[in-house]
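The values are calculated or read from the model by the stated rules, or taken from the named source; none is laboratory data. In this text the structure is predicted, and so the values were computed from the model without any measurement. Cβ placement follows ideal geometry from the backbone for every residue including glycine, while neighbour counts extend to all protein chains displayed. In case anyone asks, the SASA skips ligands and DNA or RNA and just uses the protein heavy atoms, side chains included. Shrake-Rupley method; radii C 1.70, N 1.55, O 1.52, S 1.80 Å.
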Amino acid sequence: PQTQSFVVYAHYYPYLYTSYADGLLYMDNVTVSYDPLLAKSGAWAPVPTNYYWPAQGSLTFAAYSPVEGVGKVEYDDSGFSFEGFTVNVDPAKQVDLLFSERTYNQESYSYNPDDDIPYEGVQINFLHALSSVRFEIKADKVLVDGTNANRYEFRVKNVTLKGVHNKGSFDQNLPITGINQTTPAPTERDWKIDADSQVDFQVHSGEVIIDSEDSYNLAGTDDTNLILIPQSLDQVSLHIKYDMRHSGMAADEWVKGSTAEASLSTSKVSHWLRGKRYTYTLTLGLNEIKFAPKVETWITVPNFDL
């Protein structure tokens, strides 16, 4: 987003990158922001100080975003580390923690097409440090498809994600030998979790009627939704509070106070990984009422002579 800034580091090398330790720190924790006046010649630039290319040699860059609220940040030979990062319990205030791959051996600006507006600048390739989690909800088709006279609807009132850790530390873990190194693929060991940081996240509050097999997005309209720390799902569960009714009931009558819960740990996904988006679709169903009729046998009594 053009309203978002990021922080840049750059190291100078007389020729080309050899190792992190051989570089001279050229840009140290420099904030870069969007400047609409530069839209055709490099829309993102350091503020408030301008920086210029050295006449010779090369620069290797790295960056992270956002500028604030990311915990203690360090940048060294293994890349970025974020210590004590905390996810806000209010989804509207959560941030998408980004860190970049290194952009090696830049000697002048690069020319990159951006849709129909070309711009000039160092290309920064950001990766997501967190996981994106979405929740959708729908009704079981059997209950709402109209083939049954008792068509059902559900009034969802609250959905809460429980047992989620919201604090931890992350290391990029770039290989420290060789050149043009890239970040290893995501693993379950990327984040060190603060064991005492379990909190609840309110995915949805306020009444919404679910009366279709079409999925309804519970976490708002933004396509990112919850942005959470990658972690084991052993203790993570989703809790739902809802009312229900069927068409045979009066319009203002509801069976109130129903609850349901589901564990998020499954055989397919037992751990969130960084850079991954997980969409959980919840289907509201009911146990069908069935009957087991039994007719008692006739009991024979003595004959009566009339």
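Figure legend. Inter-residue proximity from region 233-250: first residues of a type outside the set (A, V, I, L, M), second residues surrounded by 20 or more Cβ atoms within 10 Å (Cβ to Cβ) and part of a loop (DSSP other than H, G, I, E, B), beta-carbon distance below 7 Å, spacing 6+ or different chains. Indicated pairs: S237/L264.
Please specify each residue of region 74-95 satisfying the condition of being open to solvent by less than 60 Å² (accessible area, probe 1.4 Å) and assigned to a strand (DSSP E or B). Within region 74-95, Y75, D76, G79, F80, S81, F82, G84, F85 qualify.
Inside region 1-54, counting only strands (runs of 3 or more DSSP E) that do not spill past its ends, which hold 3 or more residues that are surrounded by 18 or more Cβ atoms within 10 Å (Cβ to Cβ)?
Values: elements: 6-13, 24-34, 44-46.
Counting at least 3 such residues, we get 6-13, 24-34.
It is to be established whether one or more residues within region 55-73 are in contact (Cβ under 8 Å) with a residue 40 or more places away in the chain, exposed (fewer than 14 other Cβ atoms within 10 Å of the Cβ) and farther than 25 Å from L228 by Cα. Within region 55-73 (the criterion being in contact (Cβ under 8 Å) with a residue 40 or more places away in the chain, exposed (fewer than 14 other Cβ atoms within 10 Å of the Cβ) and farther than 25 Å from L228 by Cα), the answer is yes, since at least one residue qualifies. Against the numbered list (1) touching a Ser or Thr at 6+ places or on another chain (Cβ under 7 Å); (2) of a type in the set (S, T, N, Q); (3) modelled with pLDDT of 95 or more, Q231 comes up short only at (1). For region 151-171, the condition of being open to solvent by 30 Å² or more (accessible area, probe 1.4 Å), of a type in the set (K, R), within 23 Å of L97 (Cβ to Cβ) and touching a residue at least 40 places away in the same chain (Cβ under 8 Å) holds for at least one residue. Scan the strands (runs of 3 or more DSSP E) fully inside region 203-306 and keep the ones with 1 or more residues being farther than 28 Å from A129 by Cα and either touching an Asp or Glu at 6+ places or on another chain (Cβ under 9 Å) or not small (G, A, S) (or both). Once the strands (runs of 3 or more DSSP E) in region 203-306 are filtered for at least 1 residues that are farther than 28 Å from A129 by Cα and either touching an Asp or Glu at 6+ places or on another chain (Cβ under 9 Å) or not small (G, A, S) (or both), what remains is 237-246, 255-263, 277-284.
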